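Only one structure is covered here, and it is reproduced in the block below.
The values are calculated or read from the model by the stated rules, or taken from the named source; none is laboratory data. The shown structure was predicted, so the numbers you read here are calculated from the model rather than taken from an experiment. Reconstructed Cβ throughout: ideal geometry from the backbone, glycine too, with neighbour counts over all protein chains shown.
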Amino acid sequence: MDKHYDAKAAEAKWYPFWEQNGCFHDEPGTGTPYSVVIPPPNVTGILHMGHALNQTIQDILVRWRRMRGYNTLWLPGTDHAGIATQNVVEKALKKEGKRRQDLGREAFLARVWEWKKQYGGTIVHQQRMLGNSTDWRRERFTFDEGCSRAVAKVFTQLYDEGLIYKGNYIVNWCPRCGTALANDEVEHEPNHGHFWYIRYPVVGSAKGVAGEPYADYVMVATTRPETLPGDTAVAVNPKDERYAHLVGKTVILPLTGREIPVIADDYVDREFGTGIVKITPAHDPNDFLVGKRHNLAEINIMTDDAHMNELAGAKYCGMDRWECRKAIVADLEAGGFLDHIEDIDNQVGHCYRCHETVESRLSKQWFVRMKPLAEPAIAAVKSGEVRFVPERWSKIYFNWMENIQDWCISRQLWWGHRIPAYYLGDDVFVAETAEEALAKAKAKTGNAALTLADLKQDPDVLDTWFSSWLWPFSTLGWPEKTADLDYYYPTTDLVTAQDIIFFWVARMMMAGLHFMKKPPFKNIVIHGIVRAADGSKMSKSKGNSLDPLELIDQYSADALRFSIALITSLECDTKVNKEKFEIGRNFTTKIWNAAKFLEMQEEALKGAGGAAAGSLAGQSRFDGRTVFGQSLSADDRHILYAADLACRKVNEILEAYRIQDGALAVYDFFWTQICDGYVEYVKDAPNKAVSVAILRDVFWKALRLLHPYMPFVTEEVAHQLGYLKDGETIMRQPFPVGYTDAEKAAWGVTAENYEFVNAKRAAITALRALRAEYKVPPSAWVKATIARGTDGSAGAPAPLPEEEVKVLAKAMRAESVDFVPAGSDLAMPSKMTPFGTVYLSLEGLVDKAAEAKRIAGELAKLAGFIKSAEAKLANENFVAHAPEAVVAEARRKLAENRDKVAQLEKLAKLFA
RNA sequence: GGGCUAUUAGCUCAGUUGGUUAGAGCGCUUCCUUGACAUGGAAGAGGUCAGUGGUUCGAAUCCACUAUAGCCCACCA
């Protein structure tokens, strides 16, 4: 093996190997399916940390299941992202000095497809850098032919079922994008604005005078004076006694002279502003509802691009909304209608795409009736058929589902699925294709001479989510009955961040249940968001974002994946900084170096010939049969136990989606158990051939445990060490599940032995600590004594074999280790361990005064503990209620600490 | 306004149904370049688990309130 691991070379070698050899691909049919659809990133997107987190989690789950023998599908793809993509292309056009209108719809769409062909593969390429084991042979696009057919079918069916309707509605409108926005697509931001107090004179009264506020006019407070020409009423709360006398009267709308009624409606908050609201049904969602209740006229005074139209009055017509605001305020002031202006902090909606201030606007839009769809989706989670992980997200899901509003699905864009509605005069024909629509039109009108040219298709396209909500089944071939659909639907897990539970997850639930009669997935795994080190959201504009590709370049894909898995909990958001990724990088190095060690040991054994390899001659691979009959040392049996434990733990942990715990478990197993523990042992192992063979076996287990987290380095090392032949892949090797009980019994792999070796190591640590405390130079060889049970004493452990004692002594850098019976009381510095009391003979110099001081401190600490432990054990309730093991442990601890005190007191005399 | 979550070592976070003297990584201190690894090894310091009260033999863990922070939804003309 090379001295250093070359991550880039491994990545460049293995990913194409996997992809070209179909390692990511299974055919439907045999085995138990495990399927996941990727949340499709925007085709315009570039890989960010959110993707890295989301896809690392999925890949870990998928690779793990695949190795466990599941028939696995992880389906990749991209989203056509209506507005985002159209914006990108429009920006490019702008550089040429053109608008999309200059090209016309057909040419513009051709241009977008051209763009997609050229740049749309960016993110898909970047995903490969992560090591995703997505089945690229099944890659889909929300706007490809199959998805488009699914969309048309769904629209038609919902329309026929009466679940899609076209309605006059007040929508959030982005004047720059020229499209309606869903509520969720509007971002509310704090705004320092003004409250304009305006007098509306009451008809039939004298002109208002200051100081007589309610006699002659009503005072309206508004933040949007430019909408005044669209007012069709003034409203007060019906319970508001101050204004009760005004209800039913008429006031004059300033600047227009129009007379509008004063109405009473619960919507009005008595406490807010003046308690009197101007009602502008065409320009405010609440006013719209009030208008509906009171049959008010809806006067739309603005154009699509937020300029005033002729209904705003000749003077304002053509003005931009902000310009008009100024003009109207000036005119109100000039006319004596403006009472005063107040500063106010409120929230103003902005377009999530272009950040333009959103306008509420009256328009005809298509809607999906959501209530009937939501009910089964609620039931599926309530019944437990579909599960949220972590479970608490179901509350948020219910909260939204139970208060669901109809979904505005039409968008005034060109890039997207065109609404399959065709107009012939006042008639609308909805059908999957234009031909079918024509047939319907012919049937309805009885006019056989109609042609496609007579029908006009709706110019709008559908919201992007209208294709993504079908993703789990449209990508498997629906509406065709395909083998994939039959086998892989419903998918198993859906992994996504919390921010698209409503946009996407909830809607997929509805679509899946409605069209497939089965929920689209069984488990919804929600993870947090990756945040910058200071806790803020990462964003390019803030310059606080980390680029996963840069991290891969610097630290390797495995390092990125492992680090992100290790630091991310499903429960909450993750703050990251660059240094975090050193963990993964260092771990990769550690794996490589440990592999080098194993290779060297094996080379050495081979070099020494069959004699050194003992009865394992020619057999470098550990297995129960060859080793059985040889005596395995305690340390050998310890690592086998640790390996068994790690395998069981990792499987159990991944079963529960605890990605982070799994990373920790396998990290600990590899680093602490294998490297710090067993590798150190192997260096001096009495029966090296056996121990190296065991190392080979547990190393192979560790590699496979690690593979879902670190695919590249594990594949590379597996080949370097000869676990796999050319053409094979670790991806398809069985994931370790631990040894059988029979194996463990045959090898003497027991919990007792595991604890025994842990104890032995604690003794080593204790002696090292003593050396450090007494400043014994590392080069010095010391005398160690351990007081522990001897053969004769009841229940005491048997003495150690001579060879083990040698190893122990070497680890302690002790020229000798003497054993004395437990309870021996030596006047030497000591530490208690489960193995026994470890004494260090201080034949050198020690600063007596400092030592006495230290001991005094220690004694004080122990006294505190002993006091509380005594109290605890004196408590009858504790003894009666606590589990036996807990009580026993408490007793043991107390005794141990009492011994410690006795020891220290003795020592204290020594130093006095 | 409605809902959700968090608060544990200097930092980032674990702590599974209440039960050892509360853990990890990074950072810090001291020591170590003896052949797997200095992207490393050994040892160590550092926490009254946000606060108050309650339930319990026993609370970081359960309950209530308070404080602070964050997120989501709905939003005031």
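Report yes if A:Val525 is of a type in the set (Val, Ile, Thr) and within 30 Å of A:Pro376 (Cα to Cα), otherwise no. Yes, satisfied. Among the residues of the range A:529-544, is there at least one that is small (Gly, Ala, Ser) and either at pLDDT 90 or above or under 22 Å from A:Asn132 (Cα atoms) (or both)? No, the range A:529-544 contains no residue that is small (Gly, Ala, Ser) and either at pLDDT 90 or above or under 22 Å from A:Asn132 (Cα atoms) (or both). Residue pairs whose Cβ atoms lie under 7 Å apart, sitting 6 or more positions apart in sequence or on different chains, and linking a residue in the range A:567-581 that is among the small types (Gly, Ala, Ser) and within 6 Å of RNA strand B (Cβ to nearest atom) to a partner that is modelled with pLDDT of 75 or more and outside any strand (DSSP E or B), are A:Ser569/A:Gln660. Being loosely packed, with under 15 Cβ neighbours inside 10 Å and over 30 Å from A:Met516 (Cα atoms) is a condition met by no residue of the range A:369-381.
Taken as a whole, the structure places A:Ile396 among residues that are surrounded by fewer than 18 Cβ atoms within 10 Å (Cβ to Cβ) and either touching a helix residue (DSSP H, G or I) at 6+ places or on another chain (Cβ under 6 Å) or modelled with pLDDT under 85 (or both). When the helices (runs of 4 or more DSSP H) confined to the range A:651-742 are screened for residues that are away from RNA strand B (no atom under 16 Å from the Cβ), those reaching at least 2 such residues are found at A:688-706, A:711-720. The number of residues in the range A:270-297 that are under 21 Å from A:Val358 (Cα atoms), surrounded by fewer than 20 Cβ atoms within 10 Å (Cβ to Cβ) and either in contact with a helix residue (DSSP H, G or I) (Cβ under 6 Å, 6 or more places away or on another chain) or polar (S, T, N, Q) (or both) comes to 1.
Here's the yes/no breakdown for (1) basic (Lys, Arg); (2) outside any helix (DSSP H, G or I); (3) within 23 Å of A:Ser467 (Cβ to Cβ):
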| site | (1), (2), (3) |
| --- | --- |
| A:Val495 | no, yes, yes |
| A:Ile500 | no, no, yes |
| A:Arg507 | yes, no, yes |
| A:Met510 | no, no, yes |
| A:Asn523 | no, yes, no |
| A:Asn544 | no, yes, no |
| A:Leu549 | no, no, no |
| A:Gln554 | no, no, no |
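Could you give me the residue pairs with C-beta distances under 8 Å whose first residue belongs to the range A:253-274 and is among the basic types (Lys, Arg), whose second residue is part of a loop (DSSP other than H, G, I, E, B) and within 14 Å of RNA strand B (Cβ to nearest atom) wherever it lies, and which are 6+ apart or on separate chains? So the pair list comes out as A:Arg270/A:Asn237; A:Arg270/A:Lys239; A:Arg270/A:Asp240.
Pick out, from the range A:248-300, the strands (runs of 3 or more DSSP E) lying fully within it that include 2 or more residues that are among the β-branched types (Val, Ile, Thr) and near RNA strand B (Cβ under 10 Å from one of its atoms).
Ranges flagged: A:276-279.
Can you spot a residue in the range A:710-717 that is surrounded by fewer than 23 Cβ atoms within 10 Å (Cβ to Cβ) and in contact with a Gly (Cβ under 9 Å, 6 or more places away or on another chain)? No. Looking only at the range A:110-127, decide whether some residue is within 30 Å of A:Met731 (Cα to Cα), assigned to a loop (DSSP other than H, G, I, E, B) and not small (Gly, Ala, Ser). No, there is no match, as no residue in the range A:110-127 is within 30 Å of A:Met731 (Cα to Cα), assigned to a loop (DSSP other than H, G, I, E, B) and not small (Gly, Ala, Ser). Flag set for A:Ala244, criterion: more than 10 Å from RNA strand B (Cβ to nearest atom) and either part of a helix (DSSP H, G or I) or of a type in the set (Asp, Glu) (or both). Checking each residue in the range A:776-796 for being surrounded by 11 or more Cβ atoms within 10 Å (Cβ to Cβ) and either touching a helix residue (DSSP H, G or I) at 6+ places or on another chain (Cβ under 8 Å) or modelled with pLDDT of 75 or more (or both) picks out A:Val776, A:Ala780, A:Trp781, A:Val782, A:Lys783, A:Ala784, A:Thr785, A:Ile786, A:Ala787, A:Arg788. Of all residues in the range A:300-326, those that are among the polar types (S, T, N, Q) have Cβ atoms under 8 Å from Cβ atoms of residues that are assigned to a strand (DSSP E or B), 6 or more apart or on another chain, in A:Asn300/A:Arg361; A:Asn300/A:Leu362; A:Asn309/A:Met302. Spot the failing condition for A:Pro33; the list is (1) without any contact (Cβ under 8 Å) to a residue 60 or more places away in the chain; (2) in contact with a helix residue (DSSP H, G or I) (Cβ under 6 Å, 6 or more places away or on another chain), and only one is missed. Unmet for A:Pro33, out of (1) without any contact (Cβ under 8 Å) to a residue 60 or more places away in the chain; (2) in contact with a helix residue (DSSP H, G or I) (Cβ under 6 Å, 6 or more places away or on another chain): (1).
Quick one: which of A:Trp407, A:Trp478, A:Trp400, A:Trp469 is within 16 Å of RNA strand B (Cβ to nearest atom) and within 20 Å of A:Val154 (Cβ to Cβ)?
A:Trp407
Of all residue pairs spaced 6 or more apart or on separate chains, those with beta-carbon atoms under 9 Å, a first member in the range A:353-379 that is more than 18 Å from A:Ile164 (Cβ to Cβ) and a second member that is in a strand (DSSP E or B) and aromatic (Phe, Trp, Tyr) are A:Val358/A:Trp173; A:Glu359/A:Trp173; A:Ser360/A:Trp173; A:Arg361/A:Trp173; A:Leu362/A:Tyr169. Among the conditions (1) within 29 Å of A:Gly29 (Cβ to Cβ); (2) out of contact with any helix residue (DSSP H, G or I) (no Cβ under 8 Å at 6 or more places or on another chain), the only one that A:Leu75 does not satisfy is (2). I'd like the full set of residues that are β-branched (Val, Ile, Thr), closer than 12 Å to A:Thr134 by Cβ and not in a loop (DSSP other than H, G, I, E, B), limited to the range A:20-57. Of everything in the range A:20-57, those that are β-branched (Val, Ile, Thr), closer than 12 Å to A:Thr134 by Cβ and not in a loop (DSSP other than H, G, I, E, B) turn out to be A:Val36, A:Val37.
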